[in-house]
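The values are calculated or read from the model by the stated rules, or taken from the named source; none is laboratory data. Since we're looking at a predicted model, the values are computed, not measured. Positions of Cβ are backbone-derived with ideal geometry, glycine not excepted, and every protein chain shown enters the neighbour counts. These accessible areas exclude ligands, DNA and RNA; they are computed on the full protein's heavy atoms, side chains included. Shrake-Rupley method; radii C 1.70, N 1.55, O 1.52, S 1.80 Å.
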Amino acid sequence: MEFAILNGSIINRSEAKVDIEDRGYQFGDGVYEVIRVYNGKLFTENEHLARFGKSSESIDISLPYSVTELANLLEELVLKNDLQMGIVYMQMTRGAAPRNHAYPAKGITPTLVAYTKEFPRPVDSLQTGVKTILLDDIRWLRCDIKSLNLLGNLLAKQKAAEQACYEAIQHRSETVTEGSSSNIFIVKNGVVITHPSDPFILKGITKDVIIQQCLASTIQVEERPFSIEELQQADEVFLSSTTSEVMPIVEIDRNRVKNGTPGPITRKLQALFEKEIEKQCGALPDKVIV
Ligand SMILES: *Cc1c(COP(=O)(O)O)cnc(C)c1O
């Protein structure tokens with residue numbers, strides 16, 4: 001049997017149902033997280049729970065559980081579902097109330113759900129790299145909130161999928177912001193460059209792990225806005241996310257990045273990332289860098 005979390009209890013997944021007037025369903029009025037599970041252990045769990053708290057605070061929903069309670073629940077869910085390699089998806093909405101854009105000030109209980117999914121590491125893509133397209137960023141101005149309102153993101157991802165691409169790299173006028181569900185990095189003359197964590201992008205946990213690893217090694221890193229031109233003239237390009245890890249980008253709008261193969265700094269960061277996974281979650285059965 002598969003289990004899910006609904007409002008603080010672990011129940012049979014097929015019995016986890018929410019109200020048709022839940023504000024998440026009607027307005028996307030809520031926030032979410034995706035947490036990676038390797039070898040049955042949650043990777044960067046505290047960071048994800050802290051961001052979940054920040055996202056919900058920023059839209060005025062307070063967590064009905066302590067971070068410790070939530071962590072215990074998620075760990076129990078992973079155990080009960082016997083999940084080894086996969087993800088935990090968790091979302092919290094403002095709750096159910098008669099439909100009205102303005103929300104009731106009091107007396108509304110947030111709806112929290114979480115479930116697990118098996119999800120192998122994308123090892124083939126991590127080896128070869130992926131293709132992308134460049135697209136205008138049409139999203140709102142609070143992209144720092146991991147909100148359930150994902151229309152802009154999914155329209156971008158759909159455009160990429162229609163062109164057999166893995167991701168859409170978005171830009172606001174000349175500045176590259178981020179992917180539809182990932183952060184974007186370029187490498188130029190040995191320096192790793194990525195957009196600063198401001199309201200134009202989602203501050204990725206994976207992005208932060210990569211920056212920490214650069215700082216802890218000899219790789220120079222800069223968080224600063226970079227242009228479409230810098231992207232097109234980069235030595236290496238990669239994206240990062242919980243499910244994609246450090247993913248090499250080898251094509252943008254049908255043009256190859258350099259010679260069309262993952263670059264040496266991207267490879268180094270992939271190796272460091274695998275080290276961090278193994279440090280937190282134990283030996284990986286399937287490694288990209290051996
Ligand atoms: C979740 C997300 C990311 C990546 O964040 P991680 O914490 O690394 O998974 C990047 N951009 C957007 C828009 C996202 O929703």
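Remarks
- Taking 0.36 nm per residue of separation and subtracting the current Cα-Cα distance, fully stretching the chain between Glu276 and Glu223 would add 16.9 nm.
- Averaging 1/r across all pairs of distinct Cα atoms in region 90-142 and inverting the result yields a Kirkwood radius of 16.2 Å.
- Dipole-positive endmost among Thr44, Ile5, Asn259 within the chain (Cβ charges, Cα centre): Asn259
- Using the Cβ-Cβ distance between Asn100 and Ser173 with R0 set to 45 Å, the FRET efficiency works out to roughly 0.80.
- Cα centroids of region 6-78 and region 190-209: 23 Å apart.
- The C-alpha atoms of the chain define a longest principal axis, and helix 45-58 lies at about 70 degrees to it.
- Each of Gly53, Val67, Ser14 was scored by the projection of its Cα onto the charge dipole of the chain, and the greatest displacement toward the positive side belongs to Ser14; charges sit on the C-beta of Lys, Arg, Asp and Glu.
- For the peptides 12-19, 84-91, 133-140, the ranking by packing is 84-91, 133-140, 12-19, with the highest mean count of neighbouring Cβ atoms within 10 Å listed first.
- Sum of side-chain charges, Glu33 neighbourhood, beta-carbon under 13 Å (Lys, Arg +1; Asp, Glu -1): +3
- Charge tally around Ser173: other residues with Cβ under 11 Å, Lys/Arg +1 each, Asp/Glu -1 each, net -2.
- Helical runs (DSSP H, four residues minimum) scored at -39500 (n - 2.57) apiece and divided by the length of the chain put the mean residue ellipticity at 222 nm at -9000 deg cm²/dmol.
- Rough spin-label spacing in nm, given labels placed 7 Å along Cα→Cβ, for Ile11 and Ala216: 4.1
- 15 Å Cα-Cα reach of Lys157 towards aspartates and glutamates, excluding residues that sit fewer than 8 places from it in its own chain: Asp136, Asp137, Glu167, Glu178, Asp253
- Alpha carbon convex hull of region 123-281, projected area averaged over orientations, nm²: 8.8
- With a Förster radius of 22 Å applied to the beta-carbon distance between Asn255 and Gln127, the computed FRET efficiency rounds to 0.55.
- Summing Lys and Arg as +1 and Asp and Glu as -1 over all other residues whose Cβ lies under 10 Å from the Cβ of Cys214 gives a net charge of 0.
- Accessible carbon and sulfur surface of the chain relative to its total accessible area, %, 1.4 Å: 52
- Whole-number D in µm²/s for the chain (Stokes-Einstein; Kirkwood sum over Cα pairs; 37 °C, 0.692 mPa s): 165
- Relative contact order [Cα under 8 Å, 6+ residues apart], region 123-281, whole percent: 26
- Accessible surface for region 3-118, divided over its residues, is 50 Å² per residue with a 1.4 Å probe.
- Violating pairs (Cα-Cα greater than 29 angstrom) within the set Lys54/Lys207; Lys146/Lys279; Lys131/Lys207; Lys159/Lys203: none
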